[in-house]
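Novice: Could you have a look at this structure, given as structure tokens, before my questions?
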Amino acid sequence: MLHSKRIRLPGWCAIMVLSLAASQAGAQSYPTRLITFLVPATTGSSMDIMARQIAPILSSKFGQPIVVENRPGASGNIGVQQVARAAPDGYTVLVAANTISAAPWLYQNLQYDPVADFAPVAKLAVTKFALVVNPSVEAKSAAEFIALAKKNPGQINFASPGIATPHHLALELFRQTVGIDVTHVPYKGTAQATTDLIAGRAQAEFTPVHTILSQVQAGKLKILAIAGEKRAPWFPDIPTLGEEGIKGVDSDGWAAFFVPVRTPGGIVRRLSEETLAILALPSLRETVFKQGVVVDPAGPEGLASLLKSDLAKWKKVVAQGKIRAD
């Protein structure tokens with residue numbers, strides 16, 4: 001028995017060494033052809049902004065072309081599913097949003113698993129969500145707004161671009177956390193929701209700060225609080241919900257790179273390292289900041305941890321709110 005173990009051990013070591021060598025060799029030769037960044041959303045989204053800023057810089061480093069392909073539809077699930085089924089060779093990169101962490105609980109027949117089907121590469125950036133109200137709402141802070149809502153149950157209309165959108169989920173997380181009764185009014189898109197909020201037909205909304213910058217600056221809308229762990233740099237004087245004593249309502253949207261799960265580790269590492277180096281460039285940070293996106297990088301381990309915690313968070317919110325997207 002001891003003799004048998006002594007024979008097998010070098011064999012397993014040899015296999016591990018060969019596998020590691022193959023992975024490193026693959027990373028050194030990668031890439032040799034065009035890479036696709038697949039964005040499961042329309043142009044102008046935070047995912048699209050990041051993909052289009054990173055692509056030309058990474059293409060120059062790699063010496064290979066990189067194209068950004070937008071594949072919206074079914075709340076992004078069509079594009080995500082396409083990458084899940086792609087060859088695990090590093091030539092198809094998913095540019096995902098945090099909606100991937102809510103999808104398993106919203107859709108009964110989802111054709112992918114965000115953990116089992118993907119390898120995390122890098123977290124790229126965040127978009128800051130805020131509690132926004134029509135100026136006619138008699139509240140100067142989130143605490144005053146909550147008190148107003150509790151005094152008038154069911155009377156405050158919360159707009160959103162639709163059921164199960166990040167805006168709706170942020171509202172539901174807030175509602176469950178602070179224990180208020182408000183009315184969710186889903187619209188068919190962001191433009192309609194914001195239009196009715198400005199007109200006063202809806203009184204409040206959770207929305208990315210960058211989408212309402214001009215309306216806030218013009219006095220058409222009012223931000224009460226930022227729904228993340230850090231203040232929004234465009235409005236440094238506006239506190240976060242946490243700073244107002246309202247914990248657990250972190251609704252920052254994030255964008256990240258993933259690849260199919262069986263992609264060789266060496267390729268994943270190279271993609272991650274090159275991406276993180278690009279995200280450190282002041283010029284890129286400034287460019288995306290002007291478009292309402294804040295670079296907030298993390299490597300594969302940090303992204304995996306974030307995905308895990310968000311999956312748990314949205315599972316609870318969706319179940320308690322009885323939200324269905326299909």
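Yes or no, residue by residue, for (1) among the hydroxyl-bearing types (Ser, Thr, Tyr); (2) touching a strand residue (DSSP E or B) at 6+ places or on another chain (Cβ under 8 Å):
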{"position": "Val67", "(1), (2)": "no, yes"}
{"position": "Ala86", "(1), (2)": "no, yes"}
{"position": "Leu94", "(1), (2)": "no, yes"}
{"position": "Asn98", "(1), (2)": "no, yes"}
{"position": "Gln111", "(1), (2)": "no, no"}
{"position": "Ala116", "(1), (2)": "no, no"}
{"position": "Leu124", "(1), (2)": "no, yes"}
{"position": "Ser136", "(1), (2)": "yes, no"}
{"position": "Lys140", "(1), (2)": "no, yes"}
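Novice: Could you list, in sequence order, all residues of segment 274-286 that are touching a residue at least 60 places away in the same chain (Cβ under 8 Å) and hydrophobic (A, V, I, L, M, F, W, C)?
Specialist: Leu276, Ile278, Leu279, Leu281, Leu284, listed by residue number.
Novice: Can Pro300 be described as over 30 Å from Gly162 (Cβ atoms) and either of a type in the set (D, E, K, R) or buried (at least 19 other Cβ atoms within 10 Å of the Cβ) (or both)?
Specialist: yes
Novice: Could you tell me whether Val133 is closer than 22 Å to Ile238 by Cβ, at pLDDT 95 or above, within 26 Å of the chain's Cα centre (by Cα) and in the same structural domain as Gly219 (by TED's automatic domain parsing)?
Specialist: yes
Novice: Sticking with this structure for a sec: Among the residues of segment 59-67, are any modelled with pLDDT under 95, more than 21 Å from the chain's Cα centre (by Cα) and of a type in the set (Gly, Ala, Ser)?
Specialist: There is no residue in segment 59-67 that is modelled with pLDDT under 95, more than 21 Å from the chain's Cα centre (by Cα) and of a type in the set (Gly, Ala, Ser).
Per-residue answers, yes or no, for (1) among the aliphatic types (A, V, I, L, M); (2) in the same structural domain as Asp113 (by TED's automatic domain parsing); (3) within 24 Å of Tyr91 (Cβ to Cβ):
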| site | (1), (2), (3) |
| --- | --- |
| Val261 | yes, yes, yes |
| Leu271 | yes, yes, yes |
| Ala280 | yes, yes, no |
| Thr287 | no, yes, no |
| Gly292 | no, yes, no |
| Lys308 | no, yes, no |
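Novice: Restricting to segment 287-326, give me the number of residues that are free of Cβ contacts under 8 Å to residues at least 24 places away in the same chain and in contact with a Lys or Arg (Cβ under 8 Å, 6 or more places away or on another chain).
Specialist: 0
Novice: A further question follows. Find the helices (runs of 4 or more DSSP H) located wholly in segment 26-128 whose residues include 1 or more that are surrounded by fewer than 18 Cβ atoms within 10 Å (Cβ to Cβ), on the phi < 0 side of the Ramachandran plot and without any contact (Cβ under 8 Å) to a residue 24 or more places away in the chain, and list them.
Specialist: 46-62
Novice: Scanning segment 142-191 for residues that are under 21 Å from the mean Cα position of the chain (by Cα), buried (at least 19 other Cβ atoms within 10 Å of the Cβ) and small (Gly, Ala, Ser), which turns out farthest from Thr240 (Cα to Cα)?
Specialist: For segment 142-191, the residue satisfying everything is Ala164.
The values are calculated or read from the model by the stated rules, or taken from the named source; none is laboratory data. Being a predicted model, the structure only gives us computed values, none of them experimental. Heads up, the Cβs are rebuilt from the backbone with ideal geometry, glycines too, and the neighbour counts pull from every protein chain shown.
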